[in-house]
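The block underneath contains the structure these notes are about, expressed in structure tokens.
The values are calculated or read from the model by the stated rules, or taken from the named source; none is laboratory data. None of these values were measured; they are calculated from a predicted model. Cβ placement follows ideal geometry from the backbone for every residue including glycine, while neighbour counts extend to all protein chains displayed.
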Amino acid sequence: MRSVGLAMVAGFLAAVSMCAHAKDISKNDLQVCKWGAGIAGAAQQSKLSGTTIYSARKKLRGHKFAKPWMSKMALGITEQTYKSPSRLKPAAIKQTYYEGCIQHDLARK
């Protein structure tokens with residue numbers, strides 16, 4: 001029971017720290033991380049619902065993206081999500097992707 005409480009406190013502190021560091025990232029980079037997290041969450045939802053990777057790819061190819069690089073990146077994120085053995089809920093995948101993206105951007109600077 002005590003370890004669960006400590007884990008929750010550690011998670012909360014990590015989230016607060018992430019928010020503080022996120023201010024060091026440009027608005028554009030934050031938007032890209034949010035967009036990518038949304039793609040990862042949607043891919044996980046498709047995977048868990050039994051949609052094949054081929055159907056997911058076809059759906060993405062039919063989607064109109066705002067910027068040219070988004071299509072290729074969305075396909076890459078979807079591929080990686082499908083290759084992962086994870087059975088986490090889409091919201092957890094979305095949060096994990098977002099946090100990883102933020103950490104990556106911070107490490108670049």
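Annotations for the structure displayed:
- Test: residue in the range 69-91 that is under 9 Å from the mean Cα position of the chain (by Cα) and of a type in the set (D, E, K, R): no
- In the range 52-68, the residues that are more than 22 Å from THR96 (Cα to Cα) and of a type outside the set (D, E, K, R): THR52, TYR54, SER55, GLY62, HIS63, PHE65, ALA66, PRO68
- Close contacts from the range 43-72, counting a first residue that is surrounded by fewer than 10 Cβ atoms within 10 Å (Cβ to Cβ) and a second that is at pLDDT below 95 and of a type outside the set (Lys, Arg), with Cβ to Cβ under 7 Å and a gap of 6+ residues or different chains, come to none at all.
Yes/no matrix, rows are residues, columns are (1) touching a Pro at 6+ places or on another chain (Cβ under 7 Å); (2) closer than 28 Å to LEU106 by Cβ; (3) among the small types (Gly, Ala, Ser):
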position	(1), (2), (3)
ILE39	no, yes, no
GLY50	no, no, yes
ALA66	no, yes, yes
ARG87	no, no, no
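Quick grid of which residues meet (1) at pLDDT below 95; (2) not in a helix (DSSP H, G or I):
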| position | (1), (2) |
| --- | --- |
| PHE65 | no, yes |
| SER71 | no, no |
| ILE77 | no, no |
| GLN80 | no, no |
| LEU88 | no, yes |
| ALA92 | no, no |
| TYR97 | no, no |
| GLN103 | no, no |
| ALA107 | yes, no |
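- In summary, THR51 fulfils each of the numbered conditions (1) closer than 24 Å to ASP24 by Cα; (2) not in a helix (DSSP H, G or I) with the single exception of condition (1).
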